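**Q** The following block contains the structure, expressed as structure tokens.
The values are calculated or read from the model by the stated rules, or taken from the named source; none is laboratory data. Remember, predicted model here, so these are calculated numbers, not experimental data. All Cβ positions, even for glycine, are placed from backbone atoms using ideal geometry, and neighbour counts span all protein chains on display. What goes into the accessible areas is simple: the full protein's heavy atoms, side chains included, and nothing from ligands, DNA or RNA. Shrake-Rupley method; radii C 1.70, N 1.55, O 1.52, S 1.80 Å.
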Amino acid sequence: MNSLLMGRETSVTPKKRLPEILFITSYPPRECGVATYSQDLIKALNNKFDHSFKLKICALESGNEQYNYAEEIEYVLNTASPVSYIELAENINANIDIEMVLIQHEFGFFAKREDAFIQFLKTLTKPIITVFHTVLPRPNDSLKVMVQKISQASESIIAMTNSSASILINDYEVPQEEITVIPHGTHLVQHSDRELLKKQYKLSGKKVLSTFGLLSSGKSIETTLEALPAIIKENPDIVFLIIGKTHPSVAKQEGEKYRLMLESKIAELHLEKYVRFVNYFVPLHDLLEYLQLTDIYLFTSKDPNQAVSGTFSYAISCGCPIISTPIPHAREVLRNDAGVIIDFENPQQLAENVIRLLKDERLMENISSNGLHRMASTAWENAAIAHAMLFEELSNKKIELHYKTPPINLDHIKKMTTGFGMIQFSKISQPDISSGYTLDDNARAMIAFCRHYELTSDESDLPYITTYLNFIKHCLQPEGYFLNYVNKQRAFTEENYSANLADANGRAIWAVGYLVSLTDMLPESLLEDAKLIMQSAMKNVKNIHSTRAMAFTIKGLYYYNTINKLPEHSLLIKELASRLVQMYRHEASTNWQWFESYLTYANSVLPESMLCAWLATGELIYKEIAKSSFDFLLSKIFKGTRIAVISNKCWMHKSTESAPVALGGEQPIDVAYTILALRRFHEVFKDKGYLDKMEAAFSWFLGNNHLHQVIYNPCTGGCYDGLEENYVNLNQGAESTISYLMARLTIENTVCSTIRIKQLIPAQISLLRQYQLK
């Protein structure tokens, strides 16, 4: 698997015919939940994967329905016409490019034409995946037989909840091995300021309750209306938003009967000041803003068999505390304090719980946080990964997955940066100024922005580089060492006097050395400051004995010497590298080629620093140890095309190195450092294996990990703080976000270098031929 350069190679590489996957589904502008679901899923798949497959659409229409589609639609199936099923099956079977067919199934789509639909499935010669959006428990005989026939014709079944999967297994006798559970997708959201959004929508000073979706009597919105008088008595600043138009099928059958009933009840209860209708099919952007300004989201469906709700999922992903009736989806997702469940059609319970939550801000924050973490795995990006893995599995190796490299996004880092420096932690995606600042983060941030400036020459990078350099200068003490921890008042904390600061000092030297290496690009004022910092820091370099601190320092001196080669710096590199050589010789054996008796954090920095030492001094032993130690490390953290860095829950010890590796505790910084080292080793040794591993390591951020979930958040530009055994830590702090950016810029730099080489090769061949002719 080597797609790292695929997106950039199309001009010199023949295009490979990609397998096509045909989605049979309702599709916008048809207004229904399945249409929106399919549009979101297809968009996520196209955004997530590159050179893997092509997605085509067959839109479902019924009777006289006809739509003007914004996107190209390959086929249209008129579900009311038996002939249409036959024609579609013939076209699909005749199309050699279609590898498989995915059907978004809702019983209403094929009502009164069930036999034609079953025959259509039996006629298809392509593998079929069927997604059940509704799974009814305790079916009658005819329903059970129909679902069984659909299952028998399908290669695979997708259910959206574990409850639905259990019903398919127990009530319909669908084989468990045919079923894959892929939850309804949710949108990654930047989480804008709630009060600013309220102001924008003229809701300042209000406590907002909301519900949304295409209206029908099954929504039981009257339950909330009946609860409102009691809620208003305690909270006179309340407003209830009913977001969404009447369901088109309902409007066709009974007009606006349900909405008129709601309006009548509002008048009867004198709620006109407290209820607002948002009576249109709300675009996604507006919908997500309405949900983010909502204080409590109310889901009052009275259908106990409603397996899943997209509206419910979207609300949780926007951070809304949820009060819901006990549909299976709610019982599954809201357990363990991720929401509140009430009985069907019980306005008293609804009122009591709204009042209770509005009185307890801390409880609401906890419910919101728990809900966000519970729903993280259901992001559309993760739903896309789950679907793509199923496509790959069913394709008999005709589909090979290649993750698409996201655009470089500096938004979150800039959001985390004040005029003083980069804030240490965030709560989800909101900077937490109470966490203060660290030299570690600002040193890494300066390296990242220097790399970005090196690639782009973007002048807007310079103020950030200046900010981070000034922070490093702030941490430099007169004696020539650095302090690490600074609080929000910009004062050094007591933690500096109890923690080991050696690694932070090494990182600062690495950062300053890297900045100086860009002498030809950066303003003189920055360079002069950096050189003065380096001169002061050199006073204490010989006193550094921490393994990784020595490695960081070697890297900094190496970069510094690329521009300003000083004999004393070369001697320092030799002294530190020789210490690492002695450590290696003391610990290394046939089965353990490492500098210490354990593998812990930032391991890749050690062999990379030895390679830098060789580049700076020419001492061959440094190169030999760099190669043997790095290849040893790679053998421990790569399994096939996936990286799993050493867990911070359980370091790998020499005496137990053959024991199973612990899952979880994987940090973005370790993956990033490995990518930086792989790039360096590929430059020196020209081994394509390092390039392949670099791509595999970077895909860890994109979902190629043991949870098959994204670690990088493309919505915010932030990176999640860690991959645990069963969940992803959603906080997007400085260390993780900078680590991702350093890795992403390394990938970009590698791609650019490879393109330049590829562009030169034809010209070189041409010159060689001319020379031979002469």
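**Q** Quickly run through segment 501-522 and pick out the residues that are closer than 10 Å to residue 454 by Cβ and outside any loop (DSSP other than H, G, I, E, B).
**A** Residue satisfying the conditions is 514 alone.
**Q** Something else: Which of the residues spanning segment 465-509 are of a type in the set (A, V, I, L, M, F, W, C), open to solvent by less than 20 Å² (accessible area, probe 1.4 Å) and out of contact with any Cys (no Cβ under 9 Å at 6 or more places or on another chain)?
**A** Those that are of a type in the set (A, V, I, L, M, F, W, C), open to solvent by less than 20 Å² (accessible area, probe 1.4 Å) and out of contact with any Cys (no Cβ under 9 Å at 6 or more places or on another chain): 469, 471, 472, 475, 509.
**Q** May I ask you to verify whether residue 581 is assigned to a helix (DSSP H, G or I), of a type in the set (Val, Ile, Thr), open to solvent by less than 20 Å² (accessible area, probe 1.4 Å) and more than 16 Å from residue 625 (Cα to Cα)?
**A** Spelling it out, it is not the case that residue 581 is assigned to a helix (DSSP H, G or I), of a type in the set (Val, Ile, Thr), open to solvent by less than 20 Å² (accessible area, probe 1.4 Å) and more than 16 Å from residue 625 (Cα to Cα).
**Q** For segment 99-118, does any single residue satisfy the condition of being among the aliphatic types (A, V, I, L, M), modelled with pLDDT of 95 or more, part of a loop (DSSP other than H, G, I, E, B) and over 29 Å from the mean Cα position of the chain (by Cα)?
**A** No.
**Q** Would you check which residues across segment 26-52 are open to solvent by 20 Å² or more (accessible area, probe 1.4 Å) and part of a loop (DSSP other than H, G, I, E, B) and list them?
**A** Across segment 26-52, the qualifying residues are 28, 29, 30, 31, 50, 51.
**Q** Could you tell me which numbered condition residue 562 fails, if it satisfies all but one of (1) of a type in the set (S, T, N, Q); (2) at pLDDT 95 or above; (3) open to solvent by 40 Å² or more (accessible area, probe 1.4 Å)?
**A** Residue 562 satisfies all of (1) of a type in the set (S, T, N, Q); (2) at pLDDT 95 or above; (3) open to solvent by 40 Å² or more (accessible area, probe 1.4 Å) except (2).
**Q** Only one of these conditions is not met by residue 121: (1) more than 32 Å from the chain's Cα centre (by Cα); (2) exposed (fewer than 15 other Cβ atoms within 10 Å of the Cβ); (3) within 27 Å of residue 17 (Cα to Cα). Which number is it?
**A** Residue 121 satisfies all of (1) more than 32 Å from the chain's Cα centre (by Cα); (2) exposed (fewer than 15 other Cβ atoms within 10 Å of the Cβ); (3) within 27 Å of residue 17 (Cα to Cα) except (2).
Residue by residue, here is whether (1) under 30 Å from residue 99 (Cα atoms); (2) of a type in the set (Gly, Ala, Ser); (3) without any contact (Cβ under 8 Å) to a residue 40 or more places away in the chain holds:
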residue: 388; (1), (2), (3): yes, yes, no
residue: 396; (1), (2), (3): yes, no, yes
residue: 419; (1), (2), (3): no, yes, no
residue: 427; (1), (2), (3): no, no, no
residue: 438; (1), (2), (3): no, no, no
residue: 441; (1), (2), (3): no, no, no
residue: 453; (1), (2), (3): no, no, no
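**Q** Looking at residue 604, is it open to solvent by less than 10 Å² (accessible area, probe 1.4 Å) and of a type in the set (S, T, N, Q)?
**A** Yes; evaluated as a whole, the condition is true for this residue.
**Q** Restricting the search to segment 708-735, which residues are buried (at least 24 other Cβ atoms within 10 Å of the Cβ) and either part of a helix (DSSP H, G or I) or polar (S, T, N, Q) (or both)?
**A** Across segment 708-735, the qualifying residues are 713, 732, 734.
Listed here are the residues, each with its yes/no results for (1) surrounded by 14 or more Cβ atoms within 10 Å (Cβ to Cβ); (2) at pLDDT 95 or above.
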{"site": "567", "(1), (2)": "no, no"}
{"site": "573", "(1), (2)": "yes, yes"}
{"site": "586", "(1), (2)": "no, yes"}
{"site": "609", "(1), (2)": "yes, yes"}
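**Q** Determine whether segment 661-682 contains at least one residue that is open to solvent by 40 Å² or more (accessible area, probe 1.4 Å), modelled with pLDDT of 95 or more and closer than 18 Å to residue 698 by Cβ.
**A** yes
**Q** Still on this structure: Looking at segment 247-346, what helices (runs of 4 or more DSSP H) fall wholly within it and have at least 2 residues that are open to solvent by 30 Å² or more (accessible area, probe 1.4 Å) and at pLDDT below 90?
**A** Filter on segment 247-346 gives 248-254, 284-292, 328-333.
**Q** To continue, here is another question. For segment 155-234, which fully contained helices (runs of 4 or more DSSP H) count at least 1 residues that are closer than 25 Å to residue 343 by Cα?
**A** In segment 155-234, 162-170, 222-234 are the helices (runs of 4 or more DSSP H) which contain 1 or more residues that are closer than 25 Å to residue 343 by Cα.
**Q** Now a separate question. Can you tell me which residues in segment 668-706 are among the hydrophobic types (A, V, I, L, M, F, W, C) and closer than 18 Å to residue 44 by Cα?
**A** 700, 701, 702
**Q** Right, here's the next one. So is residue 85 in contact (Cβ under 8 Å) with a residue 60 or more places away in the chain, buried (at least 19 other Cβ atoms within 10 Å of the Cβ) and assigned to a helix (DSSP H, G or I) or not?
**A** No: the conditions fail for residue 85.
**Q** Out of the residues in segment 525-539 meeting the condition of being open to solvent by less than 40 Å² (accessible area, probe 1.4 Å) and over 40 Å from the mean Cα position of the chain (by Cα), tell me which one is nearest to residue 561 (Cα to Cα).
**A** Checked segment 525-539; the qualifying residue nearest to residue 561 (Cα to Cα) is 538.
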